[in-house]
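This report concerns only the one structure given below.
Taken together, the values in this text are just the output of simple stated rules run on the coordinates, not laboratory data. Keep in mind the model is a prediction, meaning the values are calculated, not measured. When we count neighbours, we look across all protein chains shown, and the Cβ atoms used for this are built from the backbone with ideal geometry, even at glycine.
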């Protein structure tokens, strides 16, 4: 008996799964810290090489500001250790790297344009990054459980619509380069559509999770496709038509495509019906053809795309000059690029925001662009994986929606620059100069971190998929 | 700044960029490897439990004896018998598994449930599974659309057998030995 109880005691001490949890969380955060430090080294190198390339010496001022931003990122890292220790370790380092590479390239163009201090876009971008990191901390501290967001499904739907309508309000709305998507509050200008995409993703996720059975099972068959009941589809179609209307009025093609793609993918993920995708893609093609026919600015975009190298279109007002210059820039870069600070990306209009990818492509070459694309792919793949590994459907659907928004935005922008698609005015996530986009994408990071933390915490109960 | 230095800088930066990407990929691989270790860990725990069960069964002749002697008729038994899990066998989240301990498991639409199902056919607190003296018992919590065991709607707490289909809304569960 004594031997027996000894054996049992040994078996008892052998059961240690509960001890493993804190060590895992520590491990994930340590990976994050390590990657964050290498990301800081890499981005600091980028800023220094820009300075060597353009002026031939190191200026300590921008490096100091970037170190300050790194300090703020470390604060977010410490907050994660406290409130979301099991969160995925890749998001913050990846987003930080893209953000830093973007600032280096914006700074490079600032150096050419000799804009310094608060007039420089790079300084503004640094300030926006600090603000965005503050938003990350706030979201992590306020949203302790992402499932609470589901309770406000319809509130988020309403918020999205209001945000989209804001630029049309006379006093605060503002029209920049043909698109009325900005609001002006004192010294700050902001694109509320960027925040609206997050609110819409929350709304779609909340709505689809509770209605997808009705959407996919109930309904009449029509042309071999099961059409849902009107009352199931009503609210979501209403929000969609409303956002489309806003976009037609505000002349912002890219945002329209982005929202519709988001809507389509979330519907497909929730119901697993290919018929939705078929229907949606044909709607996009139909909409594109109609817009090309009847909307002047869309027609111009199409002409700039399929006949870009035609001298008449190249020289026309609002013609393909920008598209072609972007491609010339990429070609100038070649395989290895001209080196940071050694190219001529400033020739392309808005080379700091919409065309940042062609600026980076010129100076880092194909090799550099592929590394940047790899960073995006890793970011998006992690997001989608969170969507699949969770045990609550709302979080999963939200994670898929949010990472897909980033993916689609990259595709639309980079596709537009490389002349795969007609050019639309969207920002490259994290890279491009622009505060609202930066804040929105960092909030996406915060939500993905929160969902991944909840998934891993629950992994004590759900063993495997 | 000579052209050669700038060329070296250019190549050095590209290398640094790619080294960073490979760092990240390596971290993901380590992450995956870490998860595999956890799985081995649970397998080892399961083995330890099986051995413990043999010991307990041999020495105490306990009521919650392991199932192998009479597998055909035994109700789903407890944590010392065999490690059990609740598996979703049909529905939108087919393949999901939940390890069963002695803790009760609640199923419903509300987010405080152990297993959260969100569809039009599930009530917010739909059903509960409890471990009572060696077997798992399912009880309906006054749901609108009912809880079905092997296709029959249950009206009172019922003992659930291994592999017996338990249907709630559009989802079917079964308790299985790991």
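I need the calculated FRET efficiency for the pair residue A:248 and residue A:381, taking r as the beta carbon distance and R₀ as 25 Å, to the nearest 0.05. Let's see the in-between values first.
Values: r = 34 Å, r/R0 = 1.35.
Calculated transfer efficiency: 0.15.
Residue separation times 0.36 nm, minus the C-alpha to C-alpha distance between residue A:315 and residue A:420: what's the value? Write down the numbers at each step before the final one.
Details: separation 105, 0.36 × 105 = 37.80 nm, distance 2.12 nm.
Result for the pair: 35.7 nm of gain on full extension.
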- Exposure proxy ranking, count of Cβ atoms within 10 Å, fewest first, for A:374, A:410: A:374, A:410
- Query: Quick one: if you stick a label point 7 Å off each Cα along the C-beta vector at residue A:57 and residue A:331, how many nm between them?
  - Reply: 3.9
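Can you compute the FRET efficiency between residue B:94 and residue B:2 using 1/(1 + (r/R0)^6), with r the Cβ-Cβ distance and R0 = 51 Å? Round to the nearest 0.05. It would help to have the intermediate numbers written out before the result.
On the way: r = 65 Å, r/R0 = 1.27.
Efficiency, rounded to the nearest 0.05: 0.20.
Using Cβ counts within 10 Å as a stand-in for footprinting exposure, how do B:131, A:154 rank, fewest first? Please list the in-between numbers first.
Details: B:131 20, A:154 13.
Ascending Cβ contact count within 10 Å gives the list A:154, B:131.
Taking 22 Å as R0, compute the FRET efficiency from the Cβ-Cβ separation of residue B:124 and residue A:131 and round it to 0.05. Write out the running numbers ahead of the final one.
Working: r = 39 Å, r/R0 = 1.78.
That gives a FRET efficiency of 0.05.
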- Message: Given points 7 Å out from each Cα along the Cα-Cβ axis, report the residue A:457 to residue A:33 separation in nanometres with one decimal.
- Response: 2.2
- Query: Going out from 0 in 5 Å bins, what whole percent of all Cα-Cα distances in the range A:275-376 drops into each bin?
  - Reply: 3, 13, 16, 16, 14, 14, 13, 8, 3, 0, 0
- Message: Report the Cα centroid-to-centroid distance between the range B:1-29 and the range A:134-177 in angstrom, as an integer.
- Response: 38
